[in-house]
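Visitor: Sharing a structure below in structure tokens format, with a few things to ask.
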Amino acid sequence: MSRWSDIFNHLKTSGFSVYSPGTKSGECTSPYIVVRSAGITQVETVSSNRALYDILVYIPKNRYSAMEPYLDSVKEAMDGLFPMIRPTHTQTTPYFDDAIKAWMVSIQYQNYQKKTRR
């Protein structure tokens, strides 16, 4: 199983509405999460790669005040995957997406993986 799947399934079993990128459409009427792979970087000082994952949190336009408590609950749930999945402590400012009438915030997480030789 992939680390992306671990994150997706963990959030799903924690009670969140979770989607893969490109699978949710239409106007946002209730909070939901999209889990997205955000690339892999090499860690120079050790024989590891750092895989990054974005947790994209969407809140309906008229529920901005629910953003912070919802983000806190997502972060608390993600703590259940520590130390395998660790926060990068990177969070974007809320962005309003007019196409789906929702506020979006991205929280980034990382997983260190042993480098494989090719």
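Visitor: Residue-wise, which Karplus ³J(HN,Hα) couplings in Hz belong to the stretch 85-97, taking 6.51 cos²θ - 1.76 cosθ + 1.60, θ = phi - 60°, and x for glycine or proline?
Guide: Values per residue, Gly and Pro as x: 10, 10, x, 8, 6, 10, 9, 7, 6, x, 10, 8, 9 Hz.
Visitor: Run the count for the stretch 3-113, please: Lys pairs, Cα-Cα under 19 angstrom, 8 or more apart or on different chains.
Guide: 5
Visitor: Something else: Which aspartates and glutamates, on any chain, are close to Lys114 with Cα under 16 Å apart, when same-chain ones fewer than 8 places away are left out?
Guide: Glu44
Visitor: Let me ask something else about it. Most mobile of Phe82, Phe96, Phe16 per a Gaussian network model of the chain (Cα springs, under 10 Å)?
Guide: Phe82
Visitor: Using the charge dipole of the chain (Lys, Arg: +1 at Cβ; Asp, Glu: -1 at Cβ; taken about the Cα centre), state which of Ser47, Met104, Tyr64 has its Cα farthest towards the positive end.
Guide: So the residue we want is Ser47.
Visitor: Now a separate question. Using only Cα atoms, tell me the angle between helix 3-13 and the longest principal axis of the chain; keep it within 0 to 90° and round to the nearest 10.
Guide: Here the helix axis deviates by roughly 40 degrees.
Visitor: Next question. Rounded to the nearest 20 Debye, what is the dipole magnitude of the chain about its Cα centre when Lys and Arg each give +1 and Asp and Glu each give -1 at the C-beta?
Guide: 560
Visitor: What do you get for the angle between helix 67-78 and the principal long axis of the chain? Use alpha-carbon atoms, 0 to 90 degrees, nearest ten.
Guide: 30
Visitor: Put a dot 7 Å past each Cα toward the Cβ at Lys101 and Ser37; how far apart are the dots in nm?
Guide: In this crude spin-label approximation the distance works out to 3.5 nm.
Visitor: Out of residues 5 or more away from Tyr19 or on other chains, whose amide H comes under 5 Å of its own, with H placed 1.01 Å from N in the peptide plane?
Guide: Ile33, Val34, Val35
Visitor: Here's a follow-up. Which of the peptides 61-67, 100-106 is most tightly packed, and how do the rest follow, going by the mean number of other Cβ atoms within 10 Å of each residue?
Guide: By packing density, highest mean first, the sequence is 100-106, 61-67.
Values in this text are rule-based calculations from the coordinates and carry no lab data. These figures come from a predicted structure and were not determined experimentally. When we count neighbours, we look across all protein chains shown, and the Cβ atoms used for this are built from the backbone with ideal geometry, even at glycine.
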